[in-house]
Every structure is written in C-alpha cells, then in structure tokens.
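The values are calculated or read from the model by the stated rules, or taken from the named source; none is laboratory data. Model, not experiment: these values are computed from the prediction. Counting neighbours? That spans all protein chains shown, and the Cβs are built from the backbone with ideal geometry, glycine included. To get the accessible areas, we keep the full protein, side chains included, count just its heavy atoms, and leave off ligands, DNA and RNA. Shrake-Rupley method; radii C 1.70, N 1.55, O 1.52, S 1.80 Å.
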Amino acid sequence: MKAIYRRELGAYFTSSIGYVFLGVFYFYCGLSFTFSSLFALTYDMSEAFSLAFTALIFLIPILTMKLFSEEKKQRTEQCLLTAPISLPSMVLGKFFAALTLYTAGIAVYFIFAVILSFFAPAFGWIPVLSNFLALFLVGAAFTAIGAFISSLTENQVVAAVTSCIALMVIWLLDSMASFITLDFLSWLPKLLMSLSFYSKYAEFTSGIFNLSSVLFYISAVVIFLFLTVRVSEKRRWS
Amino acid sequence: MIEVKNLTKHYGDKRAVSNISFTVDDGEILGFLGPNGAGKSTTMNMLTGYISSTSGDAVINGVNILEEPVKAKSFIGYLPEVPPLYVDMTVRGYLNFIYDLKSCKQPRTQHIEEVCKLTKIFDVKERIIKHLSKGYRQRVGLAQALVGNPPVLILDEPTAGLDPKQIIEIRTLIKKLGKTHTVILSSHILTEIQAVCDRIVIINKGEIAANDTADNLSRTVSSDHRLSVRIPGDKKEIMQLIKAIEDVKYIRADMEREPGVYEYEIEAAEGKDIRRELNKVLAENSLPILMMRTADLTLEDIFLKVTMGQEFMLNPEFSAKKEKLNQEEVSLEDLEFKVTGIVKKHMEKERQKDSEYGGDKE
C-alpha cells in the first residue's frame, strides 16, 4: 500500500495534475475567502466554507480521473495485480494519495483562519475545526466516488466527465427534493434529503456538529471503496 | 515448481484455454510455443493471478494462486506481453517502486544496480521511460520481473522488439537465469525456444498439442520416411520413375543445386523405408544418386505438423510454406551473424583506438 501511495502521490507532481488542482483550488478558495470574509468585514468563515463545496464538484474529478483508468489504458495494472499485494491495499493506497493532495488543498483554510484570528479577538477555533472536518469528510466521500467511477472506464476524460456529473447530481439532490410536491411521492423528498451530501454539510457550516452526518460520510467512503475493489476483482473473472 | 491442472478459461462463450495440464520442475526452462491467439498469454495471465481461471488449479511452489494469491504472487516475476511501465518515471524510480511493491528484502541500491547491469540498462537508469526505445523498454520490463529475485520467472515473449544482438544477449541471460530459477517462456519464434528451453509445450487453439523435450519431440514426430535426394538427369523422367515406386506418397523437385542436378523431396507412407527400392529403380535406369539423406524434422516441421495436422504435411502448400519459413529463418540467422560480426569488428577497432590513444598519453 505504501509503495502505491508514494508512487501515486509522486505521479500527481510529475504530471501537471497536482499543480493544476492545487493552483485552481487555492485561487478559488482565496477568492471566496476574500469576498465572503474580508470584504464582508466579518470573522465568520462559514460562508467561505460553504462556497468550497461547489469547487469540489469540479476539482475532485481532476484528482480521481486517472487513478484507475490510466492504469488500465497503459496496462500497468498488470504489474499491480500480479504483485504480491491485495486488491484492497491497492485501492486504499490510491485513495489515500488522492486524499492527501486534497487535504493539502483544503489546508489553506487554516491560513485564512490564522489571518482572521489576528484581527478578531472573539475568533473561535472550534467552528473552524468542525467546518474543516466536514470539508475533509465531504472531500473524502467525493474522492471515493471519483475513484469508483475511474475504475469503471479506461478513459480518463470519460472518468472525469462522469464523476463531475455524478457529483453534480449529488449536489442537486436537495433542490430536486424540493421540486417534488406530488402527494403519492411524498416519501421521495424525504429519501433524497436523507441522501443529500449538501444539507449535511450546510449543517456543519451553520455550526452544528452532527455525529450521524460524520458517519454518513464515512459510510459513503467505505461503500464506494468497497465497490471499487469489487470492480477490480470482477475484471479478473470476466 | 509449477503445477497446472486442468486449467480452463472461458471468455463468454469463447473457450480461450481448455483443460491444460503440465508441470515445470525447479530449475527447468519451459518453452511455450504456439501461433498467435493460441492461448499462451491467457495461460500465463492465469498462472500469475492477473486473471482467474474458469476452472482448474495453478499451484506455484505448493501455493494455489487462487487460494493464497498474495503468497503465490510473491514467488513470481512476471513480464507480460506489453511491459507494464509507468512511462513518466525514470528507470530507477520505476524499479524502486517495484522494489517497494514487492516488499523486497535485499539491500536496495545494490540490488537494483545488479538487476540493471544484468539486463544492460545501467546506462539509461536515470532516463525517463517515455523517452526510451522499444528494446530498452522491453529490458526494463525484464528488469522489473527480476527485482526481488523471485524463484519463478514467467516471461511472455521476452525478446519481442529487440534487435538481433539484444536477442542473443537476452537468450543468454535467460539461460543463465534458468540455472537458478524456474522459467516459463513463451514465444512464437521457434529457434528461440529451441535455443533456450529444456522442454517445450506446444499449445494450439487453447489445448496442449505436444509436451516434451525438443529432442524427443523431433524423434517422436520424426519420420525416416522423408528423404532428400540429389539426382542428375531429366527432371520429369526422374519424377515419374520415383512416383511409380510403391509407398511413395509425394515427390517434389526442390531446386537445381548443381547444373543439371535437382534435389528431390520424397515422402513415403508412414513407417515405410523406400531407400533400397529407390536405389534399385534408379540403378536400373543408370541414374546415379549424388546424395541421399533422411529429412530430419526441424522444430518448424513439428510445429506445423502439430498445429496444422498430419494431412497438411502432405499438401504441396506445406512445402511452399516451409520453404518460406526456412528462408526467413536463414536470413534472420545470417543477419544475426552479420550484425554480431560487425559489432565485434567495431568494438575491436574502438579498443585498438583506445589503446593507441592510451599509448600516446603514456
């Protein structure tokens, strides 16, 4: 697992993907922080955090598109699958590499927090940490989804576009729920809301720490990584 | 040691490999020979655990690849058909990754340098794989299989894409490795298999067509009923005379070897010796025999015989095909010979130059 983790992380920076991801992410976060906190003359960062969610929909697919599709295309997966390592450790190695780069991206919020803490004596670190945790968990869940989609195809562009659409659908679950007003479908909005990633995230940004939401994100990670392992496994049997 | 029992692989309805069984002893080099699409790569992929078998077992050093895949895989060094290279990495970076991936125990730098020297990629080890030629990539692939010094090596067409000089080098290397490793090697190049392998498995349409040593194979399929004869005189007349002999199934005038002298290929019915009869008939017509020898079956013949069936051998088409094969073979060997000759000469010149310059300096 360690070998794969290290190679994958290295590959982000031998190609341009790592730089593009971090560059765009930092730029977007910086912009949203400037407008929502600095220009609004508030030390409340919840707006900046909640804006980050939208960026993830477009940026996480960049991180995950290559994870498995490229291995298949270059036939390098043959090297991984015939090496003395188990499939789950291969998938985990790749997942953690993507997650590490993502964490390096969102770490920029700590810099913002430090800046604010200089100007605002009343600045509280607890909400920031809680928000940060939520952002981390959402990103982890999205990364797992992206990894799963990447394992389904040989083409990284297809993987990127499909992941992007999937994440967008997830993002829109809330609004879809609010559009359904038919009586006999009254159970559907409830179901959609319970699957919603955004409403749970919004809860965090408004200062509520909900343990069930944490478990929700972690389950999403586990489920999609498990599916990724199964997809890789299935290819051997087909 | 590798044991394969009734290995079968279906792709949907298509049966790629059916009921293959064989064993490879420790320190043996087994050659896997077959036309393209015969199921060589599929079998190798099953042995290495890359794909699973539909039924049957593959046991590596007593460990079943499906039951304890991680343990079984740790015994194997595998070079697939397409070397699995991360083209953005340097050769050294890549081999380091493989070293970690296989969790090797050898001292890292020393071991990797050793492997690089063995496969002759030491000079390019700082270069990015993307920029290497096909021959070098193939050798990096081989190096990757050797990292960790696994006791079993499975090499799928290891010399594909190499130039004649490199082919000879790699063959020598595989022979050397065969002394301490168990090797399975696949190829559709017959001379290669003949040169390197102790034992040959011929695989055709997913089934084992033959499994024996190279010598035994030529003996069992060999036929003393096939003759090559040189006779001076009128071609048509001679052919008619010989055709009239009982048990002669097929005759063909090969080519004019000397002025007025043709070489004839004669095929008698299986198990029949027509040499005496032939001599008698020709003597009666006062035609001298300038040369007569039984045509030994080469591996090409065996291969074609086993894969195409007996009838094919008697078909005129076969001779034409064989002729073509032989010509290609000869030209390739000639080329190898020539190239190595040129390289040797060149190296000698360089050495001379070096020593001259060296002398000047002193």
Just the residues that are buried (at least 21 other Cβ atoms within 10 Å of the Cβ) and free of Cβ contacts under 8 Å to residues at least 60 places away in the same chain, please, taken from segment A:46-64.
A:LEU59
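This table checks each residue for (1) of a type in the set (A, V, I, L, M); (2) modelled with pLDDT under 90.
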residue: B:MET1; (1), (2): yes, yes
residue: B:TYR11; (1), (2): no, yes
residue: B:ASN36; (1), (2): no, yes
residue: B:VAL63; (1), (2): yes, no
residue: B:ARG92; (1), (2): no, no
Count of segment A:11-42 residues which are touching a Gly at 6+ places or on another chain (Cβ under 8 Å) and farther than 19 Å from A:VAL128 by Cβ
3
Flag if A:GLY18 is open to solvent by less than 70 Å² (accessible area, probe 1.4 Å), modelled with pLDDT of 90 or more, farther than 30 Å from B:LEU101 by Cβ and small (Gly, Ala, Ser):
no
For A:TYR43, which of the numbered conditions (1) assigned to a loop (DSSP other than H, G, I, E, B); (2) touching a helix residue (DSSP H, G or I) at 6+ places or on another chain (Cβ under 9 Å); (3) without any contact (Cβ under 8 Å) to a residue 60 or more places away in the chain fails to hold?
(3)
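Listed here are the residues, each with its yes/no results for (1) open to solvent by 20 Å² or more (accessible area, probe 1.4 Å); (2) under 20 Å from A:TRP237 (Cα atoms); (3) facing chain A (nearest Cβ under 10 Å).
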{"site": "B:GLY56", "(1), (2), (3)": "yes, yes, no"}
{"site": "B:PRO69", "(1), (2), (3)": "yes, yes, yes"}
{"site": "B:PHE75", "(1), (2), (3)": "yes, no, yes"}
{"site": "B:TYR78", "(1), (2), (3)": "no, yes, yes"}
{"site": "B:ARG92", "(1), (2), (3)": "yes, no, no"}
{"site": "B:SER103", "(1), (2), (3)": "yes, no, yes"}
{"site": "B:THR109", "(1), (2), (3)": "yes, no, no"}
{"site": "B:ILE112", "(1), (2), (3)": "no, no, no"}
Do we find a residue being open to solvent by 60 Å² or more (accessible area, probe 1.4 Å) and under 24 Å from B:TYR50 (Cα atoms) anywhere in segment B:118-134?
yes
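Would you call B:THR23 within 14 Å of chain A (Cβ to nearest Cβ) and in a strand (DSSP E or B)? Outline the logic, then answer.
Values: within 14 Å of chain A (Cβ to nearest Cβ): no; in a strand (DSSP E or B): yes.
Taking the combined requirement at face value, the residue does not satisfy it.
Among the residues of segment B:80-90, write down those that are within 27 Å of the chain's Cα centre (by Cα) and surrounded by 21 or more Cβ atoms within 10 Å (Cβ to Cβ). Quick ask: steps written out before the conclusion?
Filtering segment B:80-90 for residues within 27 Å of the chain's Cα centre (by Cα) gives B:80-85.
Matches in segment B:80-90: B:PRO80, B:PRO83, B:PRO84, B:LEU85.
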Starting from segment A:5-17, keep only residues that are more than 7 Å from chain B (Cβ to nearest Cβ), then list their pairs with residues that are among the polar types (S, T, N, Q) and open to solvent by 30 Å² or more (accessible area, probe 1.4 Å) whose Cβ atoms are within a distance under 8 Å, requiring at least 6 positions of separation or different chains.
A:TYR5/A:THR100; A:LEU9/A:THR100
Only one of these conditions is not met by A:GLY139: (1) away from chain B (no Cβ under 14 Å); (2) open to solvent by 10 Å² or more (accessible area, probe 1.4 Å); (3) touching a residue at least 40 places away in the same chain (Cβ under 8 Å). Which number is it?
(2)
In segment A:91-146, what count of residues is obtained for those that are out of contact with any Phe, Trp or Tyr (no Cβ under 6 Å at 6 or more places or on another chain) and outside any helix (DSSP H, G or I)?
4
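Are there helices (runs of 4 or more DSSP H) fully within segment A:184-238 with at least 2 residues that are within 14 Å of chain B (Cβ to nearest Cβ) and open to solvent by less than 30 Å² (accessible area, probe 1.4 Å)? List them.
Working: elements: A:187-195, A:197-205, A:211-237.
Where helices (runs of 4 or more DSSP H) fall fully within segment A:184-238 and carry at least 2 residues being within 14 Å of chain B (Cβ to nearest Cβ) and open to solvent by less than 30 Å² (accessible area, probe 1.4 Å), they are A:211-237.
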Could you give me the residue pairs with C-beta distances under 8 Å whose first residue belongs to segment B:159-177 and is of a type in the set (Ser, Thr, Tyr), whose second residue is open to solvent by 50 Å² or more (accessible area, probe 1.4 Å) wherever it lies, and which are 6+ apart or on separate chains?
B:THR159/B:ILE189
Log entry, pairs with first residue in segment A:65-83 being facing chain B (nearest Cβ under 7 Å), second being of a type in the set (S, T, N, Q), beta carbons closer than 9 Å, six or more apart or on different chains, reads A:GLN78/B:ASN45; A:GLN78/B:THR48; A:CYS79/B:GLN144; A:LEU81/A:SER232; A:LEU81/B:THR48; A:THR82/B:ASN45; A:THR82/B:THR48; A:ALA83/B:SER74
Give all pairs with beta carbons closer than 6 Å in which a residue from segment A:19-35 that is under 12 Å from A:LEU51 (Cβ atoms) meets a residue that is open to solvent by 40 Å² or more (accessible area, probe 1.4 Å) and in a helix (DSSP H, G or I); count only pairs at least 6 apart in sequence or on separate chains.
A:SER32/A:LEU51
Name the single residue that is farthest from the other protein chains (Cβ to nearest Cβ) among those in segment A:84-93 being closer than 22 Å to B:ASN45 by Cβ and touching a residue at least 60 places away in the same chain (Cβ under 8 Å).
A:VAL91
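Condition check ((1) modelled with pLDDT under 85; (2) outside any helix (DSSP H, G or I)) across all residues:
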| position | (1), (2) |
| --- | --- |
| B:GLU192 | yes, no |
| B:ALA210 | yes, yes |
| B:GLU237 | no, no |
| B:GLU246 | yes, yes |
| B:ILE251 | yes, yes |
| B:GLY271 | yes, yes |
Exactly one condition in (1) more than 14 Å from chain A (Cβ to nearest Cβ); (2) touching a Phe, Trp or Tyr at 6+ places or on another chain (Cβ under 8 Å) is not met by B:VAL152; state its number.
(1)
